[in-house]
Amino acid sequence: MQIVNHDFDLHCHTTASDGSRSPAELLELAVSRGLTTLAITDHDTVEGMRSLMDASLDKELGIRLIAGTEFSCLWQGMTIHMLAFDFDLAGSEVAALLEKQKTRRLDRARVIADKLERKLKIADLYARAETFAESGVPARPHFAQALLEMEAVESIDVAFKKYLGAGKIGDVKLYWPDLEEVLTAVKRSKGYSSLAHPFKYKMTATKLRRLMAEIKACGGDAVEISVPDINSGEFGWIQQEAGKLGLAQSAGSDYHGAMMPWRQLGRFPKMAQSLPSLIDVLRARQ
């Protein structure tokens with residue numbers, strides 16, 4: 001798939017979750033690349049995005065910032081990610097659910113730290129990892145950075161291969177809300193939702209089709225179709241299936257910064273011509 005420059009990005013991360021740039025640095029990068037609309041979608045938090053809105057940096061730099069987050073949730077025993085956009089921030093069901101997610105992530109982080117400290121016979125790993133997490137909730141990339149700083153591993157890549165990747169000691173499973181709970185909360189908070197990176201879950205076509213049908217039935221709005229790592233066959237299939245279900249398309253780079261340098265802010269494939277675009281809905285909304 002040909003990757004092109006866009007003037008928006010609806011999927012990116014900061015140091016508030018597992019990105020390498022602070023919210024302010026990411027916003028400056030967006031402006032330098034000519035973006036006019038940006039949704040920061042940190043994992044299960046809005047703290048990074050909220051800090052920019054509170055400081056009115058988006059208005060100062062002339063870019064529209066849309067409230068966003070990337071929810072972790074469960075569907076048929078699998079963890080999937082749903083992007084949420086333009087929801088009410090205060091006193092909403094999304095706000096309440098994000099508080100629950102924060103508690104769950106804190107509990108998980110303490111378990112990861114305990115397991116790795118015992119395994120590697122080191123101390124104060126949680127405190128070290130916490131310094132890399134702007135939201136105060138360390139995730140696996142922050143533990144990888146801490147291990148590197150403590151010279152317990154030679155690189156971030158080694159940290160994941162040995163200790164933090166899928167099936168390793170630091171891959172601590174967590175209870176997430178189910179798909180319907182997340183989608184209901186987003187809808188009741190006047191927001192929009194989209195399935196993130198649909199081919200990342202390694203589902204069969206039949207199972208992915210069922211997932212999209214359930215997202216639609218639960219009030220979901222879109223599927224993320226234009227993502228950097230999609231191939232032409234996947235692109236054609238997913239836009240056709242989304243069209244059958246009446247789902248719109250979302251798009252974004254899933255930018256993480258230095259941790260995934262091959263993903264660049266605002267750069268992803270062209271949008272599908274046959275589907276309505278969530279970015280148009282969000283831009284039209286006041």
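Would you check if K200 is part of a loop (DSSP other than H, G, I, E, B), under 18 Å from W75 (Cα atoms), basic (K, R) and within 18 Å of the chain's Cα centre (by Cα)? Here the answer is no, as K200 does not meet what is asked. Within the stretch 245-279, the set of residues being at pLDDT 95 or above, among the polar types (S, T, N, Q) and either touching a Gly at 6+ places or on another chain (Cβ under 9 Å) or not in a loop (DSSP other than H, G, I, E, B) (or both) comprises Q249, S250, S253, S277. Cβ-Cβ contacts under 7 Å between residues 6 or more apart (or on different chains), taken from a first residue in the stretch 109-133 that is without any contact (Cβ under 8 Å) to a residue 24 or more places away in the chain and charged (D, E, K, R) to a second residue that is part of a helix (DSSP H, G or I) and surrounded by 14 or more Cβ atoms within 10 Å (Cβ to Cβ), are listed as R110/Y126; E117/L125; R128/A146. With respect to the stated conditions, G220 fails to be more than 19 Å from M82 (Cβ to Cβ) and either at pLDDT 95 or above or among the small types (G, A, S) (or both).
Y255 fulfils the conditions (1) out of contact with any Cys (no Cβ under 9 Å at 6 or more places or on another chain); (2) closer than 24 Å to V182 by Cα; (3) in contact (Cβ under 8 Å) with a residue 60 or more places away in the chain except for a single criterion, (1). Filter the stretch 157-178 down to the residues that are part of a loop (DSSP other than H, G, I, E, B) and of a type in the set (D, E, K, R) and list them by number. K168, D171, K173 - these are the residues of the stretch 157-178 that are part of a loop (DSSP other than H, G, I, E, B) and of a type in the set (D, E, K, R). The residue of the stretch 172-191 that is modelled with the lowest pLDDT, among those that are open to solvent by 10 Å² or more (accessible area, probe 1.4 Å) and more than 16 Å from G77 (Cβ to Cβ), is V172. Taking the stated definitions as given, is A242 part of a helix (DSSP H, G or I), among the aliphatic types (A, V, I, L, M) and more than 21 Å from the chain's Cα centre (by Cα)? No: the conditions fail for A242. Determine whether the stretch 180-189 contains at least one residue that is among the polar types (S, T, N, Q), in a helix (DSSP H, G or I) and over 16 Å from T69 (Cα atoms). Within the stretch 180-189 (the criterion being among the polar types (S, T, N, Q), in a helix (DSSP H, G or I) and over 16 Å from T69 (Cα atoms)), the answer is no, since none of the residues qualifies. Would you mind stating whether T206 is over 20 Å from the mean Cα position of the chain (by Cα) and of a type in the set (V, I, T)? It is true that T206 is over 20 Å from the mean Cα position of the chain (by Cα) and of a type in the set (V, I, T). How many residues are surrounded by fewer than 23 Cβ atoms within 10 Å (Cβ to Cβ) and either of a type in the set (G, A, S) or touching a residue at least 40 places away in the same chain (Cβ under 8 Å) (or both) if we restrict to the stretch 208-230? Qualifying residue count, the stretch 208-230: 7.
List pairs: first in the stretch 185-204 and within 12 Å of F85 (Cα to Cα), second at pLDDT below 95 and of a type in the set (S, T, Y), Cβ under 7 Å, 6+ apart or cross-chain? If the second residue must be at pLDDT below 95 and of a type in the set (S, T, Y), the pairs left are S189/S92. For the stretch 226-239, residues that are polar (S, T, N, Q), assigned to a helix (DSSP H, G or I) and farther than 22 Å from E214 by Cα total 1. Applying the condition of being small (G, A, S) and open to solvent by less than 10 Å² (accessible area, probe 1.4 Å) to the stretch 29-40 and asking which residue is farthest from V182 (Cα to Cα) yields A30.
The values are calculated or read from the model by the stated rules, or taken from the named source; none is laboratory data. A quick note: this is a predicted structure, and the numbers were derived from the prediction, not measured. All Cβ positions, glycine included, derive from the backbone under ideal geometry; neighbour counts span all protein chains shown. The accessibility values were calculated without ligands, DNA or RNA, using every heavy atom of the protein model including side chains. Shrake-Rupley method; radii C 1.70, N 1.55, O 1.52, S 1.80 Å.
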